[in-house]
């Protein structure tokens, strides 16, 4: 497991590096967003730990740039715990969000959960499914709407694939949080609703396949 730690505080980088290496992982470091983008272009990482407030290029902006060429899992680190910050982080493609001050053990647990989900998605066997003009490549992780590739965030991909794998099954918001975000994710129903709204927007007219079950959750139904 190779982790890129992105934080302008040297002490935080040192503590996280120590824990990662203690558990047999490999750690690389970047002290600002610009350096993080450069390193991601040149190296492969299993997961990024990305601070939000940094000089030169903040964490949110760095993730936006990285998402243009990589779907590497990202865990945001921030002293700001406001809900809108977390939701914005998810909207731009981050996978998890940890508020400072944090426990290194908690960060490690989240790293393992994110990497496990990511590797599981990569190994997932499937086929190319077509629902009218909606084409879903489960192996290549590509979605096409009327022949045009849909630009989905990593969480939108996971959410759509989970819906498709459970076609016709009523899924509660709690179950979606547990299965798509992980049991250790501290989120609520609004996290699911926000991502479903974004996913529906990207699916255009095929948004109709994601049916809202009032007071319960959602169901993928064609």
Taking the options 68, 86, 105, name whichever one is closer than 24 Å to residue 160 by Cβ, at pLDDT 85 or above, outside the structural domain of residue 203 (by TED's automatic domain parsing) and out of contact with any helix residue (DSSP H, G or I) (no Cβ under 6 Å at 6 or more places or on another chain).
68
Based on this model, can you work out whether residue 162 counts as outside the structural domain of residue 107 (by TED's automatic domain parsing), surrounded by fewer than 19 Cβ atoms within 10 Å (Cβ to Cβ) and over 20 Å from residue 73 (Cβ atoms)?
no
Residues satisfying the stated conditions in region 184-222, i.e. over 22 Å from residue 91 (Cβ atoms), in a loop (DSSP other than H, G, I, E, B) and without any contact (Cβ under 8 Å) to a residue 60 or more places away in the chain
214, 215, 216, 221
Here's a check for you: in region 181-194, which residue that is at pLDDT 85 or above and within 13 Å of the chain's Cα centre (by Cα) is nearest to residue 159 (Cα to Cα)?
192
Residue 94 passes all but one of (1) part of a loop (DSSP other than H, G, I, E, B); (2) without any contact (Cβ under 8 Å) to a residue 60 or more places away in the chain; (3) surrounded by fewer than 22 Cβ atoms within 10 Å (Cβ to Cβ); which number fails?
(3)
Filter region 127-149 for residues that are part of a loop (DSSP other than H, G, I, E, B) and at pLDDT 85 or above and give the result.
132, 133, 146, 147
Tally up the residues in region 141-164 that are within 18 Å of residue 212 (Cα to Cα) and without any contact (Cβ under 8 Å) to a residue 12 or more places away in the chain, please.
0
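The values are calculated or read from the model by the stated rules, or taken from the named source; none is laboratory data. Computed from a predicted structure; not experimentally measured. Reconstructed Cβ throughout: ideal geometry from the backbone, glycine too, with neighbour counts over all protein chains shown.
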